[in-house]
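Everything on this sheet refers to the single structure shown next.
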Amino acid sequence: SAQQTRLEGFFKPT
Amino acid sequence: LEARLEQANLLKKVVDAIKDLVQDCNFDCNDSGIALQAMDNSHVALVSMMLKAESFSPFRCDRNIALGINLSSLMKVLRCAQNEDILTLKADDAPDVVNLVFESSESDRLSEYDIKLMDIDQEHLGIPETEYSATISMPAAEFQRICRDLIALSESVAIEATKEGVKFSCSGDIGNGAVTLRSHTNVEKPELNVDIALSEPVALTFSLKYLVNFCKASGLSGTVKLCLSSEVPLLVEYTLASNSYLRFYLAPKIGD
């Protein structure tokens with residue numbers, strides 16, 4: 001089934 | 001900081017909508033307003049709130065300060081306010097507490113509370129400006145209904161936007177379900193409009209548990225906006241008065 005991704009994969013820490 | 005809100009109810013509804021997703025948050029105050037950004041523990045969902053200075057009257061913030069507040073503590077205090085009360089938030093330059101004053105416009109009652117602040121070392125993520133492939137604006141209550149209905153069948157929902165409309169579909173142990181909305185303009189009841197702006201078709205899968213949680217903000221705005229692009233987090237936005245907003249971002253599920 002589909003895997004849940006995490007936000008850090010898309011948004012970089014500032 | 002000194003910020004006066006005409007209706008305590010606004011902050012009460014915002015905090016109520018996010019308190020199950022995030023627990024301890026910094027309220028970042030500067031002369032443009034009060035902002036909050038926080039991820040849930042699993043780093044799958046992110047809350048981004050902006051209460052612009054124009055949402056307050058008056059609003060004064062002489063120095064940038066971060067108020068680290070436990071939301072369940074804040075909620076306890078906000079429950080002490082009547083919905084129609086005027087709320088004033090106050091904090092010093094290097095504050096140990098945030099002060100909340102509730103004033104009834106009808107009686108001479110004035111209540112005052114202090115909440116102890118905490119040091120929160122919060123990760124801050126940069127959210128790039130995105131030209132989304134699909135932007136869907138629909139009644140907030142409709143989106144809430146769809147999410148609540150589909151979570152009865154499945155943990156996940158596929159959201160598919162095409163020029164035909166937007167389709168929310170799921171499949172689970174007991175079977176499948178789908179709700180499709182088409183663009184719709186109701187002249188007499190514009191609050192029922194469904195508007196789909198599409199630059200290219202997009203289909204993504206999301207966890208319904210988080211979407212149902214976001215829908216706790218439905219009382220803040222009649223309309224919700226969903227913004228989707230391939231392989232980026234979904235943006236769910238509730239617009240508030242004076243360009244203020246409550247936004248949620250949700251990382252997609254990928255692969256099947």
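Of note:
- Where B:SER48 falls short, out of the listed (1) farther than 30 Å from B:LEU234 by Cα; (2) assigned to a strand (DSSP E or B); (3) not aliphatic (A, V, I, L, M): (1)
- Residue match in segment B:210-218 (condition: surrounded by fewer than 21 Cβ atoms within 10 Å (Cβ to Cβ) and within 14 Å of another protein chain (Cβ to nearest Cβ)): no
- Residue within segment B:51-72 that is charged (D, E, K, R) and part of a helix (DSSP H, G or I) present: yes
- Scope segment B:20-43; condition away from every other protein chain (no Cβ under 14 Å) and crowded, with 19+ Cβ neighbours inside 10 Å; matching residues: B:CYS25, B:PHE27, B:CYS29, B:GLY33, B:ILE34, B:LEU36
- Residue among B:ILE196, B:ILE174 that is aliphatic (A, V, I, L, M) and either modelled with pLDDT under 95 or in contact with a Gly (Cβ under 8 Å, 6 or more places away or on another chain) (or both): B:ILE196
- Every pair of residues 6+ apart whose Cβ atoms lie under 8 Å, when the first sits in segment B:89-102 and is on the phi > 0 side of the Ramachandran plot while the second is assigned to a strand (DSSP E or B): none
- Elements of type strands (runs of 3 or more DSSP E) contained in segment B:112-172, each with 2 or more residues being touching a residue at least 40 places away in the same chain (Cβ under 8 Å): B:134-139, B:156-162
The values are calculated or read from the model by the stated rules, or taken from the named source; none is laboratory data. Everything numeric here is computed off the predicted structure, so don't read it as measured data. Because the Cβ atoms are built from the backbone with ideal geometry, glycine has one as well, and the counts that use them run over all protein chains shown.
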